[in-house]
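The structure appears right after this line, and notes come after that.
Read the figures in this text as sums done on the coordinates, not as results from a lab. Please read all numbers here as calculations on a predicted model, not as lab measurements. Using ideal geometry, Cβ is built from the backbone for each residue, glycine included, and neighbour counts are taken over all protein chains shown.
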Protein chains: 2
Amino acid sequence: MLKPDSDAPHVCGLGWNEFVKKLEDFHGYAAPGALWGGIMVDMARERLKSLFGPDALFWVLVESYSCLPDAVQLLTPCTVGNRRLQVLDLNRYALTLYTKPGGQGVRIFVDGGKLGPWPHLQSWFMGLVDKKDQDANLLTNDIRLGGASACSMRAVRVPETYLRRERKGKIGLCPACGEPYPLRDGERCLACRGGFDLPVELKS
Amino acid sequence: MLKPDSDAPHVCGLGWNEFVKKLEDFHGYAAPGALWGGIMVDMARERLKSLFGPDALFWVLVESYSCLPDAVQLLTPCTVGNRRLQVLDLNRYALTLYTKPGGQGVRIFVDGGKLGPWPHLQSWFMGLVDKKDQDANLLTNDIRLGGASACSMRAVRVPETYLRRERKGKIGLCPACGEPYPLRDGERCLACRGGFDLPVELKS
C-alpha cells in the first residue's frame, strides 16, 4: 500500500485522502470510477491550462452517467445545474473540457490498450470479476498508480450545439397540465407533448 | 429585509445563510432558481418523511436542467453520478422524490396560480422583467417568504423505468472507435451508432 497523504498524488489541488473524503461526502462512497474520474479531470485540467492559460473558463462534456459526472462536479466549477456540465448517456468513460467561443479543448478517455499493466484495474473496468471477488485495496492502488497512464488524451473541438446559450424567454401556463413552461417550447409544454415516462398522480 | 440567520427558515437542516454559502461554493452563485429549489427539496423531503419514515431511502427525478439539479445534489445524497438523481429536459420547475421498490413518492412543482402574492418572484419566474431591472434583494426575500406557498405537492408513482437497476456486464472494445463499452449496447458503442453531437478530433 501507498503511504498516507504526504506523498499522495494530488487531484486538482487536493491530496488523495482529502479527495477521497470529499468524494465520500458528495457521492456517498469512494467509488472506483469516481476516483479514476478525479485523476482524469486533473489531467484534462492541466492540459487545458497549458493550452489556454490557468484562468481560461471551461465547460465539460461527459460521456457516461456512471460516477464521472460527480468527479467533475466535485473538482471543477462545472455542475449539471449551472449548465456548465453536460452528460451524454453513451457508456463511454470519457470527458471533454472545452473553451468558448471556439469550442476547442481536450478529450480524455480510458484507453483499452493501456490497461494491461494494471490487472486489478483491468479486471474491474472490463467487468471480468464479480464485485464480491474484487479486492478494493488492490483496485484503489491500481487506480492511484495506473489511472493516469491507462488514459489517452486528444485535442478536440466540440460542435456548435454545445456553444449556444439559450434563453428561456417568456413563460406561460401550459393549457394541458397548467404548469409554467417557456412559450418557445410550443403550444404545450415538452412534458405534455409526450414521449416521456412521467410520474403519475395517485388518487387520494 | 429579514433578520440574520437566527430566525431564518431552515433548508434541509441548514440555516438560510449556511445554505446560501454552500450554494455559492457548489453552483457558483446564489441563483434564485437554486434558492427556490432548496425550499422545494426541503418541502418534498419533509412530506416523504411523514409518509415513509425519516430513514426511507429515496431517489429524485427533476424536470429541468436549470438550477434544480444542484439544489438536489447539495441537500440530498442523490447525485447525477451516483444515479440517484435523474434529470429530464422538460423545462418544468418540478421535482419528484420517490422510494423503491414501489416507486411511490411526492412531486412538488411551481404552481402558476399561486405566484400572485409575490410580485418579484412572479415577474422573475415568468420572465416579465429583464435581469438588469430585477432587484435581487426583493426577489430573494420573495423566495424566502413565498417560495413554499407558491408550490403545490401531489402524491405520485413513478413508472417502472425509474425502478430498474441495470448492470453494465462485460465490457469490450468498440470495433469502430476502439474505446471500451458495454457489450450489451450492441455491435458498436452508442456513440458510434450515431445521432449524437460529439467532439471532433483536431489534426495535429
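Structure remark: mean-square fluctuation, Gaussian network model of chain A, C-alpha springs under 10 Å; the largest value among A:11, A:72, A:129 belongs to A:129.
Only one residue of B:176, B:148, A:122 has its Cα farthest out toward the positive end of the dipole of the protein assembly as shown, where Lys and Arg carry +1 and Asp and Glu -1 on Cβ, and that residue is B:176. Taking the longest Cα principal axis of chain A as reference, the axis of helix A:136-146 is set at about 90 degrees. Of all chain B residues, the closest to the B-onto-A rotation axis by Cβ, with that distance in whole Å, is B:80, 3.
Ranking of A:166, A:63 by neighbouring Cβ atoms within 10 Å, starting from the fewest: A:166, A:63. Quick one: which residues, 5 or more positions from residue B:172 or on another chain, have an amide H under 5 Å from its amide H? H modelled 1.01 Å from N in the peptide plane, none for Pro or chain starts. Correct list: B:181, B:183. Determine the distance separating the Cα centre of the stretch A:161-204 from the Cα centre of the stretch B:141-166; give it in Å without decimals. Taking the Cα centre of the stretch B:141-166 as reference, the centre of the stretch A:161-204 is 15 Å away. Mean silhouette area of chain B, derived from the convex hull of its C-alpha atoms and averaged over all directions, reads 15.8 nm². Inter-copy label distances at residue B:187, using a point 7 Å along Cα-to-Cβ, come to 4.2 nm with the shortest given first.
For a test of the definition: using alpha carbon positions, the gyration tensor, and the 1.5 limit on a/c, classify the stretch B:80-146 as rounded, prolate or oblate. Since a/c reaches 1.5 and a/b is larger than b/c, the shape of the stretch B:80-146 is classed as prolate.
With both residues required to sit in the protein assembly as shown, DSSP beta bridges show an antiparallel share near 90%. Within the shell of other residues whose beta carbon sits under 15 angstrom from the beta carbon of residue A:43, the net charge comes to +4, with Lys and Arg scored +1 and Asp and Glu -1.
Taken one residue at a time, the phi angles of the stretch B:192-197 give Karplus couplings (6.51, -1.76, 1.60, θ = phi - 60°) of 6, 7, x, x, 10, 7 Hz. Gly and Pro are set to x. The mean number of partner chain beta-carbon atoms within 10 angstrom of a residue's beta-carbon across peptide A:148-161 is 2.
For the segment A:87-96, counting C-beta atoms of other chains within 10 Å of every residue's C-beta and taking the mean gives 6. Cα centroids of the stretch B:20-95 and the stretch A:75-129: how far apart, whole angstrom? Spelled out, the Cα-based centre of one part sits 25 Å from the other.
For chain B, adding -39500 (n - 2.57) for each run of n ≥ 4 DSSP H residues and dividing by the number of residues yields -9000 deg cm²/dmol at 222 nm. Under 5 Å from the amide H of residue A:86 lie the amide H atoms of A:60, A:61, A:62, each residue being 5 or more positions distant or on a separate chain, with H modelled from the backbone and absent for Pro and chain starts. Simple point charges give the picture: +1 on the Cβ of Lys and Arg, -1 on the Cβ of Asp and Glu, and for chain A a dipole about the Cα centre of about 880 debye. Here the Karplus relation 6.51 cos²θ - 1.76 cosθ + 1.60, evaluated at θ = phi - 60°, turns the backbone of the stretch B:80-87 into coupling constants of 5, x, 9, 6, 8, 10, 10, 10 Hz, with x for every Gly and Pro. Relative contact order of chain A: 16 percent, from C-alpha pairs under 8 Å at least 6 residues apart in sequence.
Taken along the Cα-to-beta-carbon direction at a fixed 7 Å, the label points for residue A:170 and residue B:100 span 4.4 nm. The gain in end-to-end length when the residue B:137 to residue B:83 segment is fully stretched comes to 15.9 nm, 0.36 nm per residue minus the alpha carbon separation.
Taking the three principal axes of the alpha carbon atoms in the protein assembly as shown, the coordinate ranges are 65, 45, 45 Å, sorted in descending order. For the Cα atoms of chain A, what angle does the longest principal axis make with the long axis of helix A:32-52, in degrees from 0 to 90, nearest 10? Between the helix axis and the principal axis of chain A, the angle is about 80 degrees. Just check the stretch A:120-204 against the gyration tensor rule for me: Cα atoms, a ≥ b ≥ c as the square roots of the eigenvalues, rounded for a/c under 1.5, and otherwise prolate or oblate depending on whether a/b exceeds b/c. It is oblate, given that a/c is not under 1.5 and a/b is not larger than b/c. Rank B:15, B:169, B:28 by mean-square fluctuation in a GNM of chain B with C-alpha springs under 10 angstrom and give only the top-ranked residue. Fluctuation is largest for B:169. The charge dipole of the protein assembly as shown, taken about its Cα centre with unit charges on the Cβ atoms of Lys, Arg (+1), Asp and Glu (-1) only, comes to about 720 debye.
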